[in-house]
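The values are calculated or read from the model by the stated rules, or taken from the named source; none is laboratory data. Keep in mind it's a predicted model, so treat the numbers as computed, not measured. With ideal geometry, Cβ positions are generated from the backbone for all residues, glycine too; neighbour counts draw on all protein chains shown. Just so you know, the surface numbers come from the protein's heavy atoms only, side chains and all, with ligands and any DNA or RNA stripped out. Shrake-Rupley method; radii C 1.70, N 1.55, O 1.52, S 1.80 Å.
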Amino acid sequence: MENKSIKELKSQIIALEKENKKLFEEKEKFENFVCNSPYIFYEYSNLRGGVFWSNGVKDILGYSSSELIQNPSIWENSIHPDESKEITNAIKLFSDEGEYYLKYRIKTKKGKWTWLHDQFINKRSIGNEIIISRFATDITSINTTNTELRESEERFKTLFQDGKLVMLIIDPKSKKIIDANIAAQKFYGYDNIKSMTIDQINTIPLSEIEEKIQQVISQKSHQFQFVHKLANGDLKTVEAFPTLLKFKSGNLFLLVIIDISERIESDRAYRDSLNEIDIISSNVPNILWKAEVSNSNELINTYISDVADDLLILPKGTINNDWNKYFSYVKPEYIPQIMGTIEKGIKNINTKQSIDYEIIKSNGDEAWFSSTGKVVNKDGSKKLYGVTIDITDRIKKETALKQSEKLLRELNLTKDKFFSIIAHDLRSPFNAILGFSELILNKASEKNDPELINYSSALFSSAQKSFELLNNLLDWSRIQTGKLKFSPKLINISEITTNILELLTANIVNKNLIVKTAFESDLFVFADKQMIETVIRNLVSNAIKYTPVGGKINIVALKNEKEIEFSIKNSGIGIEKSDMEKLFNNDEFFSTPGTNNEKGSGLGLILCKEFIEMHSGNLTVSSEQGKTTKFTFFLPNKKSIY
């Protein structure tokens with residue numbers, strides 16, 4: 001009996017040892033799970049803080065279990081201030097009757113806020129100490145995802161409801177309009193659009209709508225064009241962009257609707273305008289062209305009017321808006337220049353570019369064309385517009401003009417040589433003639449032979465006039481060719497006037513003229529001596545010529561700070577008002593006979609005017625018919641004027 005009891009006791013002991021071993025193994029497994037779990041298992045005391053921490057706290061918060069046990073305030077101070085009070089209240093309220101959990105933020109060792117889901121599992125009391133077993137997991141990513149989902153949902157709602165684009169949500173099975181944003185309600189104008197079906201706003205049969213729905217589901221098409229009916233009866237051409245939204249409960253369509261009625265009308269108007277351009281350009285003898293400039297700066301969608309066929313003597317439709325065909329008639333050496341001009345126009349928007357080039361027509365004739373155009377920004381893209389004209393006649397005229405200019409230059413050179421010969425070969429003989437005729441006149445006067453005096457006087461006067469004409473002619477030619485040098489210096493205008501009067505004494509005596517002078521003996525002016533001599537000689541000769549026998553000539557010179565005024569006034573026939581305008585006209589040399597029928601060329605006064613103007617001065621004339629004529633020139637009294 002005793003042995004039996006011992007045996008039973010031993011069996012019980014063995015069973016207990018097995019059970020203890022099993023419990024120990026389970027405990028080891030649990031402790032291993034708790035310590036090595038990626039979650040935080042911990043026990044928290046109201047008196048001592050954390051008394052146990054699993055290794056997961058290191059992975060999530062960066063603190064080791066020993067750091068948190070030795071310094072309990074780390075955990076308490078790391079909890080976000082907005083949630084610390086809620087956790088304190090939860091500890092007081094928690095009981096063993098049910099689970100309790102919190103969501104709160106806690107700062108990691110690196111200073112980053114992390115969201116924890118903290119579950120209270122068990123509560124035990126030891127005297128005044130309360131210890132709660134807790135289980136916490138990192139839900140930062142889940143919380144962030146949820147936040148992003150909520151924000152995304154809010155954005156979608158805002159985009160859908162408040163967006164300016166017309167948007168509808170359609171059930172593809174029932175064809176019902178599930179939702180319509182504010183823009184859609186305004187566009188369509190229906191009060192009950194959310195209870196309507198898609199076919200009620202469409203103008204195509206339901207079968208076609210179903211066909212297009214299947215195309216969207218099979219992803220064969222993502223864009224459609226419809227004509228939709230509005231509440232007021234208007235029809236609008238729209239483009240629909242469907243997006244398939246997949247849900248567990250079923251699929252929906254998000255339709256973005258864009259009203260393209262104006263664009264369709266613009267396209268129609270554009271096509272009509274092209275037709276008008278074709279009609280107009282066919283009646284204009286110039287080639288009109290346009291093209292779009294691609295992103296790679298190539299010319300696309302080209303238009304070239306049919307006049308190109310006419311100018312190149314081709315059948316209608318040969319060029320057919322093809323640049324390459326057109327360029328095939330351009331001489332090859334001009335192609336790089338044309339392409340360079342086009343590139344320059346693309347780089348310089350709104351700047352006109354032009355180029356002239358030669359072409360060879362279909363019949364072999366050569367011609368000159370000129371193309372002008374510019375690139376503009378239009379509707380967000382670059383477009384090239386231009387015109388090409390046939391300038392063959394202009395080029396021929398320009399060539400003929402150049403040849404004429406060349407011939408004229410050659411003639412001018414010949415003329416210059418001729419005048420050079422005159423200046424060199426005629427002046428010397430004239431000096432001799434003047435000298436001999438004056439000598440003959442003096443000898444005749446000594447012999448007191450009236451007849452000889454009359455002849456020798458006429459000879460000397462004629463020689464003087466011819467020499468004066470020669471000088472005037474040479475001076476005028478040098479002005480016209482720009483070879484007359486302007487060399488101002490300080491000259492005595494009184495001395496020059498006296499010398500000229502002495503030179504013309506014979507002419508004055510022959511007409512028995514009274515000449516009076518009124519100027520200082522030494523009146524100096526800064527001027528070109530040769531030019532001023534020519535001016536005074538011509539004006540005095542003119543006065544002698546148009547003063548009758550026994551008439552008077554007054555020569556006056558005045559000087560002030562600003563200018564010198566020199567005037568020659570003679571009595572006589574005067575000048576008619578209509579003739580006064582002709583005196584200084586370069587287009588014609590105007591002259592009338594003198595009082596003794598003296599002849600003149602009209603060149604002298606023109607020279608006088610040009611010489612005075614070269615001195616920045618002015619020459620004027622005044623006359624009283626049948627009484628007097630007065631010529632006056634003004635010269636600046638400043639050396640710096642030149």
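Within the range 236-276, restricting attention to residues that are in contact with a His (Cβ under 7 Å, 6 or more places away or on another chain) and hydrophobic (A, V, I, L, M, F, W, C), which residue is nearest to SER174 (Cα to Cα)?
Filtering the range 236-276 for residues that are in contact with a His (Cβ under 7 Å, 6 or more places away or on another chain) and hydrophobic (A, V, I, L, M, F, W, C), the one nearest to SER174 (Cα to Cα) comes out as PHE241.
Of the conditions (1) modelled with pLDDT of 85 or more; (2) open to solvent by 100 Å² or more (accessible area, probe 1.4 Å), GLY49 clears all except one; give me its number.
(2) is the only condition that GLY49 fails.
ILE69 is checked against (1) β-branched (Val, Ile, Thr); (2) open to solvent by 50 Å² or more (accessible area, probe 1.4 Å); (3) touching a His at 6+ places or on another chain (Cβ under 9 Å) and fails just one. What number does that condition carry?
(3)
Within the range 262-272, does at least one residue satisfy the condition of being closer than 20 Å to SER371 by Cα, out of contact with any Pro (no Cβ under 7 Å at 6 or more places or on another chain) and either at pLDDT 85 or above or of a type outside the set (A, V, I, L, M) (or both)?
Checking the range 262-272: not a single residue is closer than 20 Å to SER371 by Cα, out of contact with any Pro (no Cβ under 7 Å at 6 or more places or on another chain) and either at pLDDT 85 or above or of a type outside the set (A, V, I, L, M) (or both).
Is it the case that the range 124-140 has a residue that's closer than 30 Å to SER73 by Cα, in contact with a strand residue (DSSP E or B) (Cβ under 9 Å, 6 or more places away or on another chain) and not in a strand (DSSP E or B)?
yes
Please tell me if GLY617 is under 60 Å from the mean Cα position of the chain (by Cα), open to solvent by less than 30 Å² (accessible area, probe 1.4 Å) and at pLDDT below 80.
Taking the combined requirement at face value, the residue does not satisfy it.
Among the residues that make up the range 594-613, is at least one of them modelled with pLDDT under 80, in a helix (DSSP H, G or I), open to solvent by 20 Å² or more (accessible area, probe 1.4 Å) and more than 17 Å from TYR546 (Cα to Cα)?
The answer is no; no qualifying residue exists.
Let me spell it out: the conditions are (1) part of a helix (DSSP H, G or I); (2) polar (S, T, N, Q); (3) open to solvent by 40 Å² or more (accessible area, probe 1.4 Å), and GLN219 meets all of them except one. Which number is the exception?
Condition (1) is where GLN219 drops out.
Identify, from the list GLU86, GLU99, the residue that is modelled with pLDDT under 85, open to solvent by 40 Å² or more (accessible area, probe 1.4 Å), over 25 Å from SER64 (Cα atoms) and not small (Gly, Ala, Ser).
Of the residues listed, the single one that is modelled with pLDDT under 85, open to solvent by 40 Å² or more (accessible area, probe 1.4 Å), over 25 Å from SER64 (Cα atoms) and not small (Gly, Ala, Ser) is GLU99.
With respect to the numbered conditions (1) surrounded by 15 or more Cβ atoms within 10 Å (Cβ to Cβ); (2) in contact with a strand residue (DSSP E or B) (Cβ under 6 Å, 6 or more places away or on another chain); (3) modelled with pLDDT of 85 or more, which one is the sole condition not fulfilled by LEU235?
(1)
Given the condition in a strand (DSSP E or B) and under 24 Å from ARG48 (Cβ atoms), answer yes or no: does some residue in the range 78-87 qualify?
Taking the range 78-87 as the starting set, the residues that turn out to be in a strand (DSSP E or B) are 79.
When the remaining residues are screened for being under 24 Å from ARG48 (Cβ atoms), the result is 79.
Yes - at least one qualifying residue is present in the range 78-87.
Looking at the range 199-216 only, could you name the residues that are under 50 Å from the mean Cα position of the chain (by Cα), at pLDDT 90 or above and not in a loop (DSSP other than H, G, I, E, B)?
Result: ASN202, single match.
State all residues of the range 178-201 that are farther than 13 Å from PRO242 by Cβ and buried (at least 18 other Cβ atoms within 10 Å of the Cβ); if no residue qualifies, say none.
Here is the first cut: in the range 178-201, the residues farther than 13 Å from PRO242 by Cβ are 178-197, 199-201.
Scanning the range 178-201 gives ALA180, ASN181, ALA184, PHE187, TYR188, TYR190, ILE193, ILE201.
List every residue pair whose Cβ atoms sit under 6 Å apart, with the two residues 6 or more apart in sequence or on different chains, where the first one lies in the range 100-122 and is within 16 Å of TYR44 (Cα to Cα) and the second, anywhere, is part of a loop (DSSP other than H, G, I, E, B) and β-branched (Val, Ile, Thr).
Once the first residue is within 16 Å of TYR44 (Cα to Cα) and sits in the range 100-122, its partners that are part of a loop (DSSP other than H, G, I, E, B) and β-branched (Val, Ile, Thr) give HIS117/ILE139.
Take the residues of the range 362-397 that are of a type in the set (Lys, Arg) and out of contact with any strand residue (DSSP E or B) (no Cβ under 6 Å at 6 or more places or on another chain): which is modelled with the lowest pLDDT? Full working, then the answer.
We begin by selecting, within the range 362-397, every residue of a type in the set (Lys, Arg); these are 374, 378, 382-383, 394, 396-397.
Next cut, out of contact with any strand residue (DSSP E or B) (no Cβ under 6 Å at 6 or more places or on another chain) only: 374, 378, 394, 396-397.
Numbers: LYS374: 91, LYS378: 77, ARG394: 90, LYS396: 91, LYS397: 92.
Residue satisfying both the conditions and the ranking: LYS378.
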